[in-house]
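Below is one structure, written out as structure tokens; comments come after it.
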Amino acid sequence: MTVTGAGSAWNGSGSFFVGNEGTGTLTISAGGAVSNGFGSVGENVEGTGTATAMPGA
């Protein structure tokens, strides 16, 4: 998942997982935003998650 650009957002009230039981990538850049009730990256032993946040331009 990529969230990029000023005003771009991924908003939720539940949970989100990046690489919970597999491989996942989350990239937030150029003023993008992510907001959820709970988030996890690579939580389980089978999971590999990567989250990268880059400053806005």
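A few points about this structure:
- Residues of region 11-21 satisfying the condition of being surrounded by 12 or more Cβ atoms within 10 Å (Cβ to Cβ) and out of contact with any Phe, Trp or Tyr (no Cβ under 8 Å at 6 or more places or on another chain): Gly12, Phe17, Val18, Gly19, Asn20, Glu21
- Scanning region 2-34 for residues that are polar (S, T, N, Q) and more than 9 Å from the chain's Cα centre (by Cα) gives Thr4, Ser8, Asn11, Ser13, Ser15, Asn20, Thr23, Ser29.
- Note on the chain: no enclosed strands (runs of 3 or more DSSP E) hold 3 or more residues that are in contact with a helix residue (DSSP H, G or I) (Cβ under 6 Å, 6 or more places away or on another chain) and polar (S, T, N, Q).
- Looking only at region 30-57, and only at residues there that are of a type in the set (A, V, I, L, M) and buried (at least 16 other Cβ atoms within 10 Å of the Cβ), the one that is nearest to Gly5 (Cα to Cα): Val34
- Single unsatisfied condition, Thr2 versus (1) in contact with a strand residue (DSSP E or B) (Cβ under 6 Å, 6 or more places away or on another chain); (2) surrounded by 16 or more Cβ atoms within 10 Å (Cβ to Cβ); (3) polar (S, T, N, Q): (2)
Just so you know, all these numbers are worked out from the coordinates, no wet-lab data involved. None of these values were measured; they are calculated from a predicted model. Note: ideal-geometry Cβ built from the backbone for every residue, glycine included; neighbour counts use all protein chains shown.
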